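The values are calculated or read from the model by the stated rules, or taken from the named source; none is laboratory data. None of the values given here were measured: they were computed from a predicted structure. Reconstructed Cβ throughout: ideal geometry from the backbone, glycine too, with neighbour counts over all protein chains shown.
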Amino acid sequence: MRIITGSDHGGLSLKKVLVARLVTQGHEVRDVGTNDTASCDYPDFAVPVAQAVAAGEADFGLLVCGTGQGMAMTANRVPGVRAAVVGDTFTAKATRQHNDANVLCLGERVVGPGLAGDILDAFLSSTFEGGRHTGRVAKFTALEKK
Ligand code: RB5
């Protein structure tokens with residue numbers, strides 16, 4: 001899969017661990033930064049990741065900050081993006097199956113690298129179930145046009 005990723009300083013260490021995992025698994029990974037520990041602003045990385053996913057330049061986005069929250073709030077303002085903050089494997093699966101999430105947001109200060117890896121695997125290996133969920137996703141997607 002083509003994965004685009006980004007983090008701020010608060011998510012840099014976890015992002016590095018997850019990028020290595022993705023590369024080992026054979027995924028194509030593009031990292032938009034940050035690349036150092038200097039304090040920076042999460043929207044500067046959430047926006048390019050979200051726009052690339054919305055444009056179909058990547059299959060999924062992976063955003064990491066301290067909590068995942070600021071990344072998701074930013075990414076979800078880009079039409080076509082469905083970003084989810086996830087802290088457990090059940091939700092990782094469900095947000096793909098039910099919400100068709102296309103950007104995974106993680107908090108380095110919340111989840112350890114082991115759990116984060118399992119969450120990432122669960123997210124990427126799950127697929128949208130369609131059916132009754134299609135109309136629900138369409139209902140909130142319609143808000144983008146208002
Ligand atoms: C940075 O201190 C922190 O606010 C950021 O990484 C993130 O948690 C914001 O949502």
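Remarks
- Pairs with Cβ under 9 Å, 6+ apart, first in segment 1-14 and of a type in the set (D, E), second assigned to a loop (DSSP other than H, G, I, E, B) and near the ligand (Cβ under 8 Å from one of its atoms): D8/S39; D8/Y42; D8/G66
- Residue match in segment 16-34 (condition: out of contact with any helix residue (DSSP H, G or I) (no Cβ under 9 Å at 6 or more places or on another chain) and surrounded by 18 or more Cβ atoms within 10 Å (Cβ to Cβ)): yes
- Residue satisfying condition, being in contact (Cβ under 8 Å) with a residue 24 or more places away in the chain and under 11 Å from the mean Cα position of the chain (by Cα), within set V17, V64, V78: V64
- Within segment 36-54, the residues that satisfy the criterion of being surrounded by fewer than 17 Cβ atoms within 10 Å (Cβ to Cβ) and either more than 19 Å from the chain's Cα centre (by Cα) or of a type in the set (S, T, N, Q) (or both) are D36, T37, A38, S39.
- One residue alone among V64, V53, V32 is more than 16 Å from the ligand (Cβ to nearest atom), touching a strand residue (DSSP E or B) at 6+ places or on another chain (Cβ under 9 Å) and of a type in the set (A, V, I, L, M, F, W, C), and that residue is V53.
- Residues that are under 24 Å from H133 (Cα atoms) and either outside any helix (DSSP H, G or I) or more than 12 Å from the ligand (Cβ to nearest atom) (or both) are absent from segment 13-29.
- Segment 87-118 - residue that is assigned to a loop (DSSP other than H, G, I, E, B) and closer than 22 Å to G131 by Cβ and, of those, nearest to the ligand (Cβ to nearest atom): A101
- The residues of segment 22-61 that are under 13 Å from G6 (Cβ atoms) and touching a residue at least 60 places away in the same chain (Cβ under 8 Å) amount to a single one, F60.
- Yes/no for H9 being at pLDDT 95 or above, near the ligand (Cβ under 10 Å from one of its atoms) and of a type outside the set (V, I, T): yes
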